[in-house]
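Structure record follows, encoded as structure tokens.
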Amino acid sequence: MGNKRLLGTQKEQQAAAYLESAGFEILERNYRCRTGEIDLIAKEGDYFVFVEVKYRATGAKGSALEAVDRKKAAQVRRVAGIYLYEKRLPEDTPCRFDAVGIDREAVTHIRDAF
């Protein structure tokens, strides 16, 4: 299981580097609370961007982005609310939920994914 976690960390680092090269500022990696986890929290302009990262080594289980389902999206939204509250950010803070899918080595970034 350790190898899977290591691979996940490497792919999250790859996604963070990809977003940084696109002008994002990475604020948090693997933000955790009792409700769950968000892979990356970034800032793009005035927006706080909560990013789910998925990786697929093969297409056997579909594309990486297909793994971001409604249940996962709802969990990320809940954790994002806790993050905003914890950081004492106003309720009207502009937020967005993005997804980064990595299929083998191809990176796909979807803005407003959910």
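Got a sec? Which of F114, F48 is more than 21 Å from T9 (Cα to Cα) and either in contact with a helix residue (DSSP H, G or I) (Cβ under 7 Å, 6 or more places away or on another chain) or among the β-branched types (V, I, T) (or both)? Before you say what the answer is, go through the steps one by one.
Numbers: F48 fails: either in contact with a helix residue (DSSP H, G or I) (Cβ under 7 Å, 6 or more places away or on another chain) or among the β-branched types (V, I, T) (or both).
The conditions single out F114.
Go through the stretch 94-114 and give me each residue that's over 16 Å from D69 (Cα atoms), touching a residue at least 12 places away in the same chain (Cβ under 8 Å) and part of a loop (DSSP other than H, G, I, E, B).
Passing the criteria: P94, R104.
Restricting to the stretch 19-69, and then to whatever is more than 26 Å from L89 (Cβ to Cβ) and aliphatic (A, V, I, L, M), can you tell me which residue is least open to solvent (accessible area, probe 1.4 Å)?
The extreme case among them is A64.
Quick check on this structure: which one of R78, R56 is touching a residue at least 24 places away in the same chain (Cβ under 8 Å) and either under 23 Å from A17 (Cβ atoms) or in contact with an Asp or Glu (Cβ under 6 Å, 6 or more places away or on another chain) (or both)? Quick ask: steps written out before the conclusion?
On the way: R78 fails: either under 23 Å from A17 (Cβ atoms) or in contact with an Asp or Glu (Cβ under 6 Å, 6 or more places away or on another chain) (or both).
After applying the criteria, what remains is R56.
List pairs: first residue in the stretch 30-48 and under 20 Å from G101 (Cβ atoms), second residue of a type in the set (K, R) and in a loop (DSSP other than H, G, I, E, B) anywhere in the structure, Cβ distance under 9 angstrom, at least six positions apart or on different chains.
Correct list of pairs: E44/R111.
Would you check which residues across the stretch 70-83 are open to solvent by less than 30 Å² (accessible area, probe 1.4 Å) and among the aliphatic types (A, V, I, L, M) and list them? Step through it out loud before you land on a result.
Filtering the stretch 70-83 down to residues open to solvent by less than 30 Å² (accessible area, probe 1.4 Å) leaves 73, 76, 79-80, 83.
Hits for the stretch 70-83 are A73, V76, V79, A80.
Please count how many residues of the stretch 64-110 are more than 24 Å from T9 (Cβ to Cβ) and among the basic types (K, R).
So the count comes out to 2.
Just to check your reading of the model, which residue among D98, D92, D112 is in contact with an Asp or Glu (Cβ under 9 Å, 6 or more places away or on another chain), open to solvent by 70 Å² or more (accessible area, probe 1.4 Å) and charged (D, E, K, R)? Walk me through it before giving the result.
Numbers: D98 fails: open to solvent by 70 Å² or more (accessible area, probe 1.4 Å); D92 fails: in contact with an Asp or Glu (Cβ under 9 Å, 6 or more places away or on another chain).
Among D98, D92, D112, only D112 is in contact with an Asp or Glu (Cβ under 9 Å, 6 or more places away or on another chain), open to solvent by 70 Å² or more (accessible area, probe 1.4 Å) and charged (D, E, K, R).
Considering only residues that are free of Cβ contacts under 8 Å to residues at least 40 places away in the same chain, within 14 Å of A99 (Cα to Cα) and over 15 Å from the mean Cα position of the chain (by Cα), which ones fall in the stretch 59-75?
If the condition is that a residue be free of Cβ contacts under 8 Å to residues at least 40 places away in the same chain, within 14 Å of A99 (Cα to Cα) and over 15 Å from the mean Cα position of the chain (by Cα), then no residue fits.
The values are calculated or read from the model by the stated rules, or taken from the named source; none is laboratory data. Since the model is a prediction, treat every value here as computed from it, not as a measurement. FYI the Cβ positions are ideal-geometry reconstructions off the backbone, even for glycines, and counts take in every protein chain you see. Please note that ligands, DNA and RNA were not included when accessible areas were found on the heavy atoms of the full protein model with its side chains. Shrake-Rupley method; radii C 1.70, N 1.55, O 1.52, S 1.80 Å.
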